[in-house]
1. Given the C-alpha atoms of the chain, compute the convex hull and give its volume per residue in Å³.
2. Just rank 120, 87, fewest to most, by other beta-carbon atoms within 10 angstrom.
3. What number, in percent, do you get for the relative contact order of the chain if the mean sequence gap of Cα pairs under 8 Å and at least 6 apart is divided by its residue count?
4. Within a 10 angstrom radius of the beta carbon, how do 129, 54 rank from fewest other beta carbons to most?
5. Compute the separation of the alpha-carbon centres of region 92-131 and region 9-64 and state it in Å as a whole number.
6. Would you mind checking the tilt of helix 110-121 against the longest principal axis of the Cα atoms of the chain, expressed as 0 to 90 degrees and rounded to 10?
7. Multiply the residue gap between residue 22 and residue 4 by 0.36 nm, knock off their C-alpha separation, and tell me the result in nm, one decimal place.
8. Residue 123 to residue 55: FRET efficiency via 1/(1 + (r/R0)^6), r the Cβ-Cβ distance, R0 35 Å, to the nearest 0.05?
Ligand SMILES: [Zn+2]
């Protein structure tokens, strides 16, 4: 992915580097692997790649808190004949929340995540919720 070098005044294919960084959410510190790019022409540090760093932060947060991943949430939809409405009903949240969990726009709470994880792992549990 190309990035803009202010010094060379052009788009360049950056030399990417990863480094350990941290961020705070709700006063709690999380460590993650951050990415930054250098210009191959002049070695200037380019802007951080916000998209890659967001993904990396999201991953670190979910891992530290034991929150279900977007991929796992989508597995629920592959496994069961379930709609956003049904899951919203089970979780006690809005349909819009569930849609956002599914596309990774929002992160479920630990409680919601635990229910989703249990649904994924335990078909009997899912059936009991649907009765
Ligand atoms: Zn440059």
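Any read-out appearing in this document is the output of simple, stated calculations on the displayed coordinates, not a laboratory observation. Since the structure is predicted, the reported quantities are computational estimates derived from the model, not experimental observations. Every residue, glycine as well, gets a Cβ built from its backbone with ideal geometry; the counts of neighbours run over all protein chains shown.
1. 131 Å³
2. Least crowded to most crowded, the residues run 120, 87.
3. Averaging sequence separation for qualifying contacts and normalising by length gives 16 percent for the chain.
4. 54, 129
5. Centre-to-centre (Cα) distance: 30 Å.
6. Approximately 70 degrees, to the nearest ten.
7. That pair, residue 22 and residue 4, stretches by 4.0 nm at full extension.
8. Numbers: r = 31 Å, r/R0 = 0.87.
The formula returns an efficiency of 0.70 here.
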